[in-house]
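Okay, so here's the structure we're looking at.
Bear in mind that the values in this text are calculations on the coordinates, not laboratory data. Quick caveat: nothing in here was measured; it's all calculated off a predicted structure. Reconstructed Cβ throughout: ideal geometry from the backbone, glycine too, with neighbour counts over all protein chains shown.
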Amino acid sequence: MTLEVMLKTMGIGMLRTGGIFCLTLLGSLPLGMIVALLRKSRIKPVQWVIKIYISIMRGTPLMLQLLVWYFGPYYLFDLPIKGWRYPAIILGFVLNYAAYFAEIYRGGIESMSVGQYEAAQVLGYTKTQTFMKIILPQVIKTILPSVTNEVITLVKDTSLAFTLAYQEVFSLAKQISASQTSFIPFVVAGIFYYVANYAVAFVMERIEKALDYYQ
Amino acid sequence: MHILDIQNIRKSFGDNEVLKDISLTVDRGEVVSIIGPSGSGKSTLLRCATLLETMDSGTLRYMDEDVAFMDENDKLVYTKDLKKVRGYFGLVFQNFNLFPHYSVLKNVMDAPVHVQKRKPREVKEEALALLETMGLADRADAYPCQLSGGQKQRVSIVRALTMNPEILFFDEPTSALDPELTGEVLKVIKQLAEQSMTMVIVTHEMAFAHSISDRVIFMDGGVIVEQGTPQELFEGTKKDRTRQFLQNYKR
Ligand SMILES: Nc1ncnc2c1ncn2[C@@H]1O[C@H](COP(=O)(O)OP(=O)(O)OP(=O)(O)O)[C@@H](O)[C@H]1O
Ligand SMILES: [Mg+2]
């Protein structure tokens, strides 16, 4: 295998890794907010369910969760496993990260002073307006550093998709390295993750800077 | 017609009865100060009047409209149209509670535009004029974190005023300020009094209360102990409790 072919193959793996990354964020960032709001629901059973969900997501390895999502429907309900690999991966990642993001959002929301809510209420803002216009923008600013950490972790966590034999960068690096008895694929993969995280940090810093106009 | 009409309101937090049968009316153009020791229920009274706290019993009316009243079964009910009621009053907080992510002008304009649905251009004109009279003309584009405490409080007064309330409540508007900054805020409130703004002011500034008020209310232990003109209360009080409080204050 020439270096060119190797890089090309791994390039495809990189795109797949990018796909997991993007879909996970796309799903878990908003879902996390819904989870965070449900966590504060006035209906007790909803609160309990959410609490249990979050604690399971955080208390068990993501690798195990992926295996459960993939094999669970097959073993438990006899559902066909064919074509289920990719949905299972995305489902596993989204649900796991939504739980982490929900906790970050919750911390951010709870850090807002009651004075902000009271000022908005006296001025006649509706609950929705208060949340969207007054609370959420401030929450986003305060949680941004924690979100950055989580996103960087996600870049690295995407490699867990290899558990389900999905051919993203990490799986391919392992395979190619074994078949070609070469160390280079690991170096390539390492550089890829590093650069990706560098880009994430860069973008997040930009966003943080853009929100720096107030305290 | 009374702007504000409170009758027999009671409020407890658990076993702690904080307001014990308080009645109070405020008429147009009146400036009423509320004084009293810490924990006497002054803030709670304002918070009940501004719907931040729900009272246990009693009636609350603005502009002769029922806001909270007792039904046939002697149960307290609040009117459904709270939005309209909130348009009648403004509240200035001790610690301002400006929105930090909004500029001064946006802090002042946002609610009139998005709550009252007034025309932005018209609101802006009014807001800028008000900022001007409060000596804040050059701070319209600043963010709250760039302002001094006194400026913050003046902005929050403008924010309340731009809603065109019938009555303005103040809960210790200068207590969070450095002593050298209280003057500028008190001056602004005095200006409003001269323009016949109806106001209820909880304050620990006795000289200020004396000079600005049409009526002073002394509260203690959840009841109104005494009320009257500043002269009646500060100089000729008939109650020992009031005298004691005022004397402690002088020292
Ligand atoms: N949300 C609350 N929960 C429980 N107790 C409360 C609450 N708010 C006020 N209280 C109690 O009610 C009593 C009156 O409080 P309030 O804040 O009305 O007094 P105040 O006259 O404004 O005092 P200060 O001059 O210190 O501001 C106090 O004993 C206080 O502890
Ligand atoms: Mg108080």
Top positive-direction residue, dipole computed over the protein assembly as shown with Cβ charges, set B:Thr174, A:Thr142, A:Leu76: A:Leu76
Förster-model FRET efficiency, 41 Å R0, B:Lys20 and A:Leu211, C-beta, rounded to 0.05: 0.30
For B:Ser57, distant residues with modelled amide H under 5 Å away: B:Arg10
Longest to shortest principal axis, alpha-carbon extents of the stretch B:68-125, angstrom: 48, 29, 16
Cβ charges +1 (Lys, Arg) and -1 (Asp, Glu), total dipole of the protein assembly as shown, debye: 1520 debye
Test item: Cα-centred dipole of chain B, Lys/Arg +1 and Asp/Glu -1 on Cβ, debye: 460 debye
Mean separation of Cα contacts under 8 Å, 6 or more apart, over the residue count of chain B: relative contact order %: 25 percent
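Nothing charged except the Cβ atoms of Lys and Arg (+1) and of Asp and Glu (-1): what's the magnitude of the dipole of the stretch B:130-251 about its Cα centre? Round to the nearest 20 debye. Don't jump to the answer; show the numbers that get you there.
Values: 13 positive and 17 negative charges, 60 e Å.
I would put it at about 280 debye.
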Distance between the stretch B:1-41 and the stretch B:137-151 - C-alpha centres, whole angstrom: 33 Å
Cα-based helix-to-principal-axis angle, A:169-180 vs chain A, degrees rounded to 10: 10 degrees
Length-normalised contact order of the stretch A:3-210 in % [C-alpha pairs under 8 Å, at least 6 apart]: 29 percent
Enclosed volume per residue, in Å³, of the convex hull spanned by Cα atoms of the protein assembly as shown: 212 Å³
Restraint check, B:Lys83/B:Lys106; A:Lys51/B:Lys80; A:Lys44/B:Lys75; A:Lys141/B:Lys117, Cα-Cα greater than 23 Å: A:Lys51/B:Lys80; A:Lys44/B:Lys75; A:Lys141/B:Lys117
Spatial extent of the stretch B:1-88: Rg and Dmax, with the Cα atoms as the point set, Å: 12.9, 37
Cross-link reach list, aspartates and glutamates versus A:Lys40, counting only Cα pairs under 13 Å and skipping chain neighbours closer than eight places: A:Glu103, A:Glu110
For the protein assembly as shown, calculated [θ]222 nm from helices alone, where every DSSP H run of n ≥ 4 adds -39500 (n - 2.57): -18000 deg cm²/dmol
Restricting the stretch A:73-128 to trypsin sites (Lys or Arg not before Pro) in coil, as DSSP defines it, with at most 15 other Cβ within 10 Å: A:Lys82
Per-bin percent of Cα-Cα distances, the stretch A:3-210 [10 Å]: 8, 27, 30, 20, 10, 3, 1, 0
